[in-house]
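This report concerns only the one structure given below.
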Amino acid sequence: MINVMIVDDHPVVRGGLEAMLESYRGFRVVGMAGSGEEAEALFRKKLPDVVIMDIRMPGMDGFATLERLKRFVPDVKALLLAGMPLEVELQRAKQLGAKGYLPKNVDHRRLVEAVEQAAADGPFQEEPLPEVPNMLTAREMSVLKYLALGKTREEVGIILGVSAETIKTHSKTIQMKLDVRNATAAVNRAYELGILRP
C-alpha cells in the first residue's frame, strides 16, 4: 500500500486527486493540505510515502514547502504538479530532489505510474513541456497585449469595439489558460513563457 499526501490550495483539485488515486488498488490518501504551512504540520504526523504537491500556492509555494519537508525527512519523495509547466520550474524541481514534475492535466494512468515510480525511488518523472506561444487565441492575445500596456478592461473594450464584460470574460479565460489568479499575474506569466515580448 502506497500512502499518499495531497497538497493543493484548491479543494476541488484535492478531492479529485483523492478520488482518482483511491479508485486504484494499492493507494491510500492519508492526508490532504491546502497550504505549504498546513502540509508541513501534516507531513510530520502522517509520514506519507509520496507527496503530490501543487507548485503555485499562495504563501509558501511548492518549492519552499519541499525544502521544509526535506529538513524533516531528507529523502522525502515528492511529485510536483503545475497547471502550466515551465522549463525553469522543471530544472528547479530536479535540483531540489523532487521525484517528478508533471502538468496537472496529466493522464490519470500516467500520474498513478509516476506515484508508483516515486514510491519505488525510481527515475525522475516528467512529460514534454507544452508548446505555449499558440495557446491563446488571436483575440485573447489582443486583450493581453492591451492589458500589458496598462489599459483597463473598459479601455480595451472601447479599442476592440466590445463591452467591458466581454473583455472580463477573455481575461478570465487567459488567466485560466496561464494558471494564474489575476490579470497582472497573467501578463507576468506571458512574459515568462515568451508569449509577450518586452
>> Rolling a 1.4 angstrom probe over the protein chains, ignoring ligands and nucleic acids, what is the accessible area of residue 67 in square angstrom, nearest 10?
In response: 70
> Per residue, how much accessible area does region 90-198 have with a 1.4 Å probe, in Å²?
Replying inline: 57
>> Please report the carbon-and-sulfur percent of the accessible area for the chain; probe 1.4 Å, protein heavy atoms only, DNA, RNA and ligands left out.
In response: 50
> Taking a probe of 1.4 Å, how large is the accessible area per residue of region 1-47, in Å²?
Replying inline: 53
> residue 108 accessible area, nearest 10 Å², 1.4 Å probe?
Replying inline: 100
> Among the lysines, which have Cα under 30 Å from the Cα of residue 151 when same-chain residues fewer than 8 positions away are ignored?
Replying inline: 168, 172, 177
> Just one of [x] 39; [y] 44; [z] 34 is percent of Cα pairs over 24 Å apart calculated from these coordinates, so which is it?
Replying inline: [y]
>> If the only charges are +1 at each Lys and Arg Cβ and -1 at each Asp and Glu Cβ, what is the size of the charge dipole of the chain around the Cα centre, to the nearest 20 debye?
In response: 220
> Quick one: length gained pulling residue 162 to residue 68 fully straight, 0.36 nm per residue minus the C-alpha distance?
Replying inline: 29.0 nm
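The values are calculated or read from the model by the stated rules, or taken from the named source; none is laboratory data. Note that the structure is a prediction, hence the values are computed from the model and not measured. Virtual Cβ from ideal backbone geometry, glycine too; neighbours counted across all protein chains shown. Please note that ligands, DNA and RNA were not included when accessible areas were found on the heavy atoms of the full protein model with its side chains. Shrake-Rupley method; radii C 1.70, N 1.55, O 1.52, S 1.80 Å.
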